[in-house]
Amino acid sequence: MTDNNVTNENTNNDEIRQQRHKQRQQKLQQQVQQGIAKATAEKGLLLVITGNGKGKSTSGFGTVARAVGHGLTAAVVQFIKGSWECGERNLLEQHQVEFAVMATGFTWDTQDKAADIAAAEKVWARAEQMLADPAIDLVLLDELTYMVSYHYIELERIVRALQNRPPAQHVVITGRACHRTLIDMADTVSEVQVVKHAFDNGIKAQRGIDW
Ligand code: ATP
Ligand code: MG
């Protein structure tokens, strides 16, 4: 085979590859367009971000920032208040996002179950008001899943409040090991998986990244 033939063959292969790529992209574009044309329904969504990987609360707060950026009204309920301050709260309160925060830490800090339950009840009462308020477009229920697994708030009460909320209101629930019932109710569920985490290599939580 001469050099010229080799060059011609390579050019042909390139063209075939480009042609195939173009066909694949066109098919994909068609599928996406068909999908968009079919997706016409509009409603308040229930989103669940669960799993053991890092990124659940950041995703919830990212959604709040996205909504507020569009002029929507958002509120945040934090079911586990750590001893650290919260960067998102510092920012979002400046944008009229109300924060309702559990007044205590959590059992492994306080060892006081009765106080934890009372704090959970109190913050849940505010959450119920938010979930009944059509003026709030988005409610983030950060770390709600633990209230269910620790039996601090009855699952039925949560289900009722979610079902009876204003039809256009969006809700994001975050936390590990989300109860099956909430997963079944949700419109969108994502499970964040751990591939690795800096903490496992002895790196402490970093301001602006971890809180
Ligand atoms: P983030 O708030 O960073 O999005 P998260 O909401 O997914 O994290 P949580 O279980 O709420 O995760 O954990 C809160 C804190 O623990 C955060 O500081 C987070 O960085 C850290 N963390 C999350 N996942 C892991 C993990 N797999 N190993 C160690 N630390 C983690
Ligand atoms: Mg979290």
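Just so you know, all these numbers are worked out from the coordinates, no wet-lab data involved. What you see is a predicted model, and the numbers here were worked out from it, not measured in a lab. FYI the Cβ positions are ideal-geometry reconstructions off the backbone, even for glycines, and counts take in every protein chain you see.
The order of the peptides 180-188, 13-21 by mean Cβ neighbours within 10 Å, most packed first, is 180-188, 13-21. Between the residues Gly44, Asn201, Leu140, the greatest Cα displacement towards the positive end of the dipole of the chain, with unit charges on the Cβ of Lys, Arg, Asp and Glu, is found for Gly44.
Membrane-span-like helices of the chain, defined as complete DSSP H segments with a Cα extent of 18 Å or more along the helix axis and a mean Kyte hydropathy of at least -1.0, are identified as 56-69, 113-130. In straight-distance terms, cross-link reach from Lys204 covers every one of the lysines whose alpha-carbon lies under 24 Å from its own, apart from those fewer than eight places away in the same chain; here that gives Lys54, Lys56, Lys81, Lys196. Taken along the Cα-to-beta-carbon direction at a fixed 7 Å, the label points for Ser190 and Ile209 span 2.0 nm.
What does the highest-first list of 120-130, 156-166, 195-205 look like by mean Cβ count within 10 Å?
Values: 120-130: 18.4, 156-166: 15.2, 195-205: 9.3.
Output ranking for 120-130, 156-166, 195-205: 120-130, 156-166, 195-205.
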